[in-house]
Structures are given as C-alpha cells and as structure tokens.
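We did not get these values from a lab; they are worked out from the coordinates using the rules stated. Source: prediction; values computed, not measured. Please note: Cβ atoms are built from the backbone with ideal geometry, for glycine as well, and neighbour counts cover all protein chains shown.
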Amino acid sequence: MKYLTTIGLEVHVQLRTRSKMFCACGTGFGAPPNTQVCPVCLGYPGAMPVMNEEAIRLTVMTGLALGCAIPAFSKFDRKSYFYPDMPKNYQISQYDCPLCDGGAVEFESGGQGRRVRMVRIHLEEDVAKNMHFPSFSGVDFNRAGVPLMEIVTQPDMGSPEEAMDFLLALKQTLSYLGVSDCNLEEGNVRCDVNCSVRPDGQEELGTKTEIKNLNTFKGVFHALRHELDRQVDVLESGGRVTQETRRWDADQGVTYSMRSKEDAHDYRYFPEPDLMPVELDAATVGEWRAAIPELPGARRARLTAEYGIPGYAAGVIAADRAVADYFEAAARASKNAKAVSNWVMTEMLRLLGERGMTIGNARVTPGALARLVSLVDSGVVSSTAAKDVFAAMFESGGDPDALVREKGLAQVSDASEIEAIVDRAMEENPKSVADFMQGKSAAAKFLVGQVMRLSRGKANPKLVNEILERKLGAE
Amino acid sequence: MNREAFQCLDLRSAAAGVVSGDFTSRELVEAMLAGIIERDPAIRAFVHVDADDALRQADAADARRGPGGGRLNGVPVAVKDVLNVAGQPCGCASRILEGYRAPYDATAVARLRREGAVVVGRTNMDEFAMGSTTENSVHGPTLNPWNHGRVPGGSSGGSAAAVASREALAALGSDTGGSVRQPASFCGCVGLKPSYGRISRYGLTAYASSLDQIGPLTTNVRDAALLLNIMSGRDPLDSTSVPDPAPCADDGWAAAGLKGMKLGLPREYFGAGLDPEVAWAVRAAADACAALGAELVEVALPHTEYAIAAYYIIATAEASANLARFDGVRYGRRADGASDPYDLYTRTRAEGFGAEVKRRIILGTYVLSSGYYEAYYRSAQKVRTLIRRDFERAFGQCDAMLAPVAPTAAYRLGETTDDPLKMYLGDILTVTANLAGICGLSVPCGLTDDGLPVGLQVLGPFLGEERVLRVGAAYETARGPFPEPHGGAA
Ligand SMILES: [Zn+2]
C-alpha cells in the first residue's frame, strides 16, 4: 500500500541579543560553566525578570518577514514543570497571545515551489544544560534565560526532504534578518518534529508522534525517515500508532518512546504577573518593517535579472547574505558578472569551505576579484594561471596585477617568442612530428602540451595552436 | 539620653539627633540592641540579629555624619525575613531556605541604605508570608506584646511586635492579603500597604506576585509616610513598579484637619461577624474624623463576599509557581539520599515546607490544572475585576474609606491552627485592597475590654497614598498618644 506523510515542525531559534532575555547576563557561547549567571537567571528568591526589548524586536522582525500578523497585544505566561535545567521550575513563555500569528515560508523543494504555513511565533527563555559525570551531575546555567524564538508550522510538509528544504530556507531567511547566528554546532537551532502517515486515499490524518530536541538538520532528516518507516511498519503489521513523545538516538539510528499522551505534562499556564503585557503600536511595527532587508527569494530573482547569471548560480550565491553582498560588489566592479559568479561559486566557496572560513574574513577583495576577471578576459593571464593568482590572494591578499608581475605569470602573446618555443618543441620531438605526418592528429595535442610546458604555462594557447598548425602544415 | 528615650524616638528625631551630634548612631543602635536582648526573649519578634554587623553599619553612618549622610543616616530599621539583604540569611521562616544567604539587596532595602539606614535585624513571619498569625514559622510563634497568650497577627507579625514593643523604631513587612495591616492592628502600631507597584518588589521573596507589596510598620503615620517616600518610585528591576515616588509627609497635614474630605464607610465591612468591640472602636474613630471636618458617607462594595474565594485562588495559584524554585538544587536545604531529580524534589519539599505552605501549593496547583482553570482561576480573575470596579465606583463618591482591619482583635495562640478556614475568613477586610491594587493604612484606634489593640483601616484609591496618610495623620493627632503594650501572660 502507498502511504502519505504529514510533517509539522517546531523550530527553536536562539536570538542574537547581547544580554539574556530577562537579565543583564551575557549570551556568549563557550564560557566556563556558571560564569554568565545572576540572581535572576538562577531563579534566586526575590529576583524578577525584566524584558529584553531587543528580543521582542527580533521576533517581530522575523514575523514580519514571514508575513505573520503582529497583534497589538501580546503577553507572557508561566509554563510549569520540574526539571533540574529549569532555574525557577517554570519557564516564562507565551501561551495564548504570541507575538506573531500565521505567516508562511516559501521555498523550493524537488524542483517545485512549496509553501509551509506558520501557526505562530512566540518568545520564551532557554533552559540550562544538565551535565553528567561518572559520580555526579551538574547544571550549567550559562544558557538559562537566553532568548529563544519558537516557530511553529502547520503540518504542511509531505516528506523528510521537504522538511529539510524548509529548514534550509528558514535558516537562510533568519540569517538574512540577522536575528540569529543560526549556528547549529552551538545549538542555536533546535527542532521538535511531529509526523504521521496515512494510507493514500484516506482523508483523515493518521495518529502523530513527536520527536523532541533534534539539534541538527541531518538529525531531523534521519529521525523523520526512520520514524515514518517505523509507523508504516506498525500499520502494515496490523498495529496502531500510539500518540506519544519519542527521542532520537543518533548513534543507534532509532527513535524510542519517552512518554505517552497519558503521562503528558500539565503545564498549568497562567499569565506571568511579573511582566507587563507587550503592546506594540503601529508606528513601531512600521519602523521595524521598514528595516527588513531584501530576503533570499527576492535576491535570487534580482541577481538573475540584474546580472544575467543563471538561476542555479543565483541560488547558490543568494543562500548567504554576505556571499551575495560580496558577489554584487565584485560584479558591479566588473564587466563580466557571469565570470565573477563562477569564481565565487567555485574557487571562493571551495577554499572557504576547506578552511572553515566565512566570506567576511576572505582576503580577496571584491575589487581584486573583478580585476582578476578582467585580466583573464583581456588575455593578460590564462585562466589556469589566474587560479594560482586567486589562490595567492586567498592566502595573503594583495593586488592581482602585482601578483602576476611578481610570479611572472603574464601570458606570452608575442608571436615570434612563441614561434621560437614551437620550433624547439618540434626539434625535441621528431617522432611526434612524424606521427602527425602519418595522420595521427593526437600527436598535435601532445606537441601543444610540450609548448605549454616549455613556456611554463604562459604561452597564449590560441596563438600556440595557430602557429603549430601553420608549421606542421609546412613540413 | 537613656535607653527608653532612644526607643521612643520617631524616625525624623532619630535622624536629626545623629546629624546634630546629640547622639551617635552607635549609641542609638546599642540602645535598640539592648532592648532586643531585654524584651525579645518574651515575644520572639526577631529571627536573626547580627549585633556586630549592625554596629559596623552604625559606625559607618557615624563616619559619614552630616547633612549629606541621608535622611535616615544611622537610623536602625528591622526587616521581615522575606526581604533579601546582601550577606544576611533570608529564610522566609522556612526550613527549606536553611543556609541560604542573600547575594543582593532588595531595592526597598537598597533605597533605605542609600539614605543611611542601619539594618538591625530580621523579623519572624509566617512561612513564606502564608498565614495571619506568625505561628507557621520554623522558628516558632512570635507572641503579641500586649498579651503573650495572643498572636501578633501575620504574616508580618515579627515586624509588628518588634515595633510595638519598641525593639525597633520601624520595620518592613510585606502585605499580600493584609499581612502588614492586620498585624499592625493586632499589635497597636501603624502599618501601610501601598498601592500595587508603589514600592519595587525586587528582592521580596514572592508569595503572590500580583498581590504582594512591601509596606512599613511604624509607631506613627508620619514615619510610615517617610519610609514610603524613600522606598517608592520606579525601579528598572521591577517592570510592575509605578513611575513616581509617593509624596513625603507634610507638616501641615495634621493641622489642616479633614475639612472638605468625604470619607466613605463601606456597608459590607460593618456586617455580621464583626466583633462589636471592634465595630465600636472603628465607629468612634470615624466620628473623630467627622469632628475634624470630614463628611461621612455610606458606600457599597457589593462584591466583597466573593473576595476571600478569589483571593485564595489567585494567591495560591501564583504561589504554586513562585515556590517551585525551592527544590534543593541551587540553594537552601537539600534532602539527603535522593536517587534521582524527582526523588530529590519530593524529599526536599516534603521535609522543607510546613503544612500551611504545602496546603497552599496544592490548592494553587489544583486551581491551575487543566480542566479546572476556567472554573477557578478564570472566575477568580473576573471577581477581581468586579472588586476593582466596586472600588472605582465607591471612590467616585468619597475620597477615602474608613473600615475595620480585621473582624476581631488578636486571636488566641493556637486558635486557628486546626481551622485554617477560620483564619482565611479573618482576612475578608484586607484582601480586597490587594485584589484591587489600592492602598490601605492601619492606625491604632482603641483597645478592647481585654486590653487588645484595634486598628482603623483607611483605604484610598490606586496611588492615593497622600489622602490615606493625611486622614491617618489627622486622626492620629486628634487621638493623642496610644497606650504602650504591657505584655503579661494570657
Ligand atoms: Zn542573569
């Protein structure tokens, strides 16, 4: 039987704010345990939360970028449950009046345009980190109280692949907005997924399960694939899927049951009395809306239209706002945007990837790249030699003209100079010349290679071909 | 100056004496400490007195003596065990906070210190401010200085008893449902519950966040006004604090009388269940106000009968979350022998909390539970709105209201321990001000035949402290000096 899949996501995103959500503690990653703490984020008696306005702004900006409605009234609530990573044993979150309602993410998946609707976006505080040692456990509260934005989607995704593409598109948008570093290694983005399967033709959705706390996109993909297979197996063998919360074990590659619906938490939400409701006036929201930058989809379209580069290249370049900024700076300084896009997509991204760097600390300036492209186009350097120049600039910066001079990489386009090298190559390889005479055209290629070798790659290949052809024809 | 003279100073005279050099802060603090040593064993108002620390603070105050030293420079005050004072324990009269020392000053305390005040000791209370008798304390009960067989009221019973017995010139309490006004009434001192948000709650260990207010307990109304003025005003650390500080007591207040003022007598506050002696004392006080020029009018607060139910639902709901943090993980007492986190919570909380606290946490957890939220918590919020509107309407007809503080004078020790409902019902006349967020003052207005003090409650609208304090000051002046407690056995 064929089965249909339904997937919904809850994405928790750590916001990029200097201080925590309700206190002045810093949010830096990797500090020694319990060094970014105070009475507020440790839940000391008498300590009270104070709202971080920047967290509100970043959340609302995200909502505006995703087309959410921004209600004029929003409030915070206490969500109660006991766990050692919760300093107060309640989390300040938002229950029935979130900052953002509705909205959607549009993206491409499997070559098709998709649209995943949002339920809501709300703001809450992150919890601490439990750490287990051989004889005891500890809690690091550095992360406790860091602002966390929770994006809840409708169950609009039909496959793990689509969920993955959604997450990548969402991550691109969040990065463009600058609301989060979206650093997966540092746990900036964490997902809860829920999914169900139903036989093709059945209207009603199947029973869903939830998998909590997936902190890589790959984890989301594999956990979903495994869990959906498991649900199909259960149905195929005549069983019924239980509504429950499961956990993904990445090492074993399986999900296992954490708790069933029956022992689900009763969070006993009620309005947080220590905080005033958030009332946003239209002028403030308008100001924030005006500050939203061009988003990835729009930029992709514009790069194609404005610079005439192929859609694929525009997609790769627009995926990262800084890369796109770099490309545009270089393309504007150049007459050959397509060549610039090729350099960015291939050499630049490859080298950055190899070194684990971002384009922000690349030493090749956009101007230098534009100049290098023009050196190739005007025949001053061969494209092979240009790669050496690029690599040199990537290592230590510098000006392409100077590097070409220093390294003696300028292309030889002087016909008499090339003629002399061709003569030398023919003298040194009489057998190849003879082979050519007997009709073995491949021998010509060999001779071209010899000329290039003798010229240390600097001979203009077009001239080499012309001269060699002429000389062989005269033999 | 002899010791008794020190102990009878009001705050302004005490501060003026230090400034002028009539005496040093050290002499003043030593006199207060001597009073504590002499009288506190009989009433047990204090749970923590660090004499060396108090004298160090006094010496520091003496060192900065002069006009710039602050309005309370060198003046000792006591604080309820629920307020955080850096370096001091803050046990909230609970076993669960054993060993906890506060790492910071509550804003109210910091503001008193900024004016030079000396924090002389910490006073007893009902555990986590839950109770009306100061019997629910890990330290045992505080006794009423007027009669050692009676309770001092609660939950700020230690502060009220300390001020009434002149062991402290003034003390801070907290009032969630009457916890400053009722003990003031039971002990014959002045107690002010400011409007919600008037004094920052930062550093006040929370019982019910939407109802809690810090309030001063003093020997006279002007001292209460001074402390309010110093502690009030916007605090960036408490988002619910209101911007402007409350006005300071004016010397003309008492002299101006009450001419042109309309004082309301809420009909529902003089109904069945009110002890006739209490009713008589309060009516006599109202007549005294009329003699000062006030016009008395009857007003109605028709939703009063629902107040107790609404109060105990909202307060316990908030408490169930506020007290969740006491789990033995980060501070305070941790139970031994736990096998996992949940076992740790269960043991720590079972051993650490007293019966009344457990009762309220369970009640609060219940009313917030899924399926019950609408019936209890939501309904209670609706009642709260109705009560607020009652007051708004009534304050359209009068400037302030006069009422009893509690239906009776001080209970006998143990009288309500087996019948918590009786204790809850005794809060009927005070919880409404907390539900509505308005201000209220308790001023001693008489003694029962048994020689127990009775308080007059002056209620004012939200941020109407000036009116309430004016009425209190004018009445207090007309009343003349209130008798001193004589102590004695039951
Ligand atoms: Zn903090």
When the Karplus curve 6.51 cos²θ - 1.76 cosθ + 1.60 is applied with θ = phi - 60°, which whole-Hz ³J(HN,Hα) does each residue of region B:280-290 get, with x for Gly and Pro? 5, 5, 5, 5, 4, 5, 4, 4, 4, 5, 4
Sequence-distant or interchain residues sharing an amide H contact under 5 Å with A:Ser109, placed H: which? A:Arg114
Size of charge dipole - the protein assembly as shown - debye, nearest 20, with Cβ of Lys, Arg +1 and Asp, Glu -1, no other charges: 1180 debye
Amide H to amide H, which residues 5 or more places from B:Lys262 or on other chains are under 5 Å from it, using H placed in the peptide plane? B:Glu295, B:Asp399, B:Ala400
Out of A:Gly308, A:Asn342, A:Ala322 - ranked by how far each Cα lies towards the positive end of the dipole of region A:296-407, with unit charges on the beta-carbon of charged residues - the top one is A:Gly308
Starting from the alpha-carbon convex hull of region B:370-450, give the projected area averaged over all orientations, in nm². 7.7 nm²
Please express the shape of region A:415-474 as an equivalent ellipsoid: the semi-axes are the square roots of 5 times the eigenvalues of the C-alpha gyration tensor, given largest first in whole angstrom. 18, 11, 10
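State the volume of the convex hull built on the alpha-carbon positions of chain B, expressed per residue in Å³ and rounded to an integer.
Values: hull volume 66.3 nm³, N = 490.
Looking at chain B, the number lands at 135 Å³ per residue.
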I'd like the chymotrypsin sites (Phe, Trp or Tyr not before Pro) in region A:334-401 restricted to DSSP loop residues with at most 13 other Cβ atoms within 10 Å, sorted by number. none
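Kindly provide the trypsin sites (Lys or Arg not before Pro) of region B:165-244 that DSSP labels as loop, not H, G, I, E or B, and whose Cβ sees at most 16 other Cβ atoms within 10 Å. Walk me through the intermediate numbers first.
Working: sites: B:Arg166, B:Arg181, B:Arg198, B:Arg201, B:Arg222, B:Arg234; in loops: B:Arg166, B:Arg198, B:Arg201, B:Arg234.
Sparse-neighbourhood loop trypsin sites (Lys or Arg not before Pro): B:Arg234.
Per residue of the protein assembly as shown, what 222 nm ellipticity follows from adding -39500 (n - 2.57) for every DSSP H run with n ≥ 4, rounded to the nearest 500? Walk me through the intermediate numbers first.
On the way: 33 runs with 376 residues, N = 965.
The helix contribution divided over the protein assembly as shown gives -12000 deg cm²/dmol.
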For region B:1-118, take every pair of Cα atoms, bin their distances at 10 Å starting from 0, and report each bin as a whole percent. 14, 42, 34, 9, 1
Any idea how far the Cα center of region B:253-310 sits from the one of region B:434-454, in Å? 11 Å
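Given Cα pairs under 8 Å that are at least 6 residues apart, what percent is the relative contact order of chain A? Before the final figure, lay out each step's value.
Working: 833 pairs, mean separation 63.9, N = 475.
Rounded, it is 13 percent for chain A.
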Per q in 0.10, 0.11, 0.15 Å⁻¹, report the Debye log10 I(q)/I(0) for region A:3-287, using one uniform scatterer on each alpha carbon and no solvent. -0.56, -0.68, -1.24
Taking only the alpha carbons of region A:296-407, what extent do you get along each of the three principal axes, in Å, biggest first? 43, 31, 19
How big is region B:41-185 along each principal axis, measuring the range of its Cα positions in Å and listing the largest first? 44, 31, 28
Spelling out what I want: for every residue of region A:70-82, take phi, set θ = phi - 60°, compute 6.51 cos²θ - 1.76 cosθ + 1.60 (Karplus), and round to whole Hz; glycine and proline get x. 10, x, 5, 10, 9, 8, 10, 10, 9, 10, 9, 6, 8
11 Å reach of a label modelled at A:Glu53, 7 Å along Cα-to-Cβ, counting backbone N of region B:185-229: none
Neighbouring Cβ atoms within 10 Å as the yardstick, rank A:Ser416, B:Ser137 fewest first. A:Ser416, B:Ser137
How high is the relative contact order of chain B, in percent, with contacts defined as C-alpha pairs under 8 Å that are six or more residues apart? 18 percent
Rounded Å value of the spacing that divides the Cα centres of region B:149-196 and region A:92-116: 54 Å
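Per residue and in cubic angstrom, what volume does the convex hull of the Cα atoms of region A:53-95 have? Each step should come with its number before you reach the end.
Numbers: hull volume 4.3 nm³, N = 43.
Cα-based convex hull of region A:53-95, divided per residue, equals 101 Å³.
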Ranked list, fewest to most other Cβ atoms within 10 Å of each Cβ, for A:Glu236, B:Glu127: A:Glu236, B:Glu127
Explain nothing, just compute: Karplus ³J(HN,Hα) = 6.51 cos²θ - 1.76 cosθ + 1.60, θ = phi - 60°, for every residue of region A:219-227 in order, whole Hz, x for Gly and Pro. x, 4, 5, 5, 4, 5, 4, 5, 5
So what are the three principal axis dimensions of the protein assembly as shown from its Cα atoms, in whole Å, longest to shortest? 140, 76, 59
Working only with C-alpha atoms, what are the Rg and Dmax values of chain A, expressed in angstrom? 30.1, 100
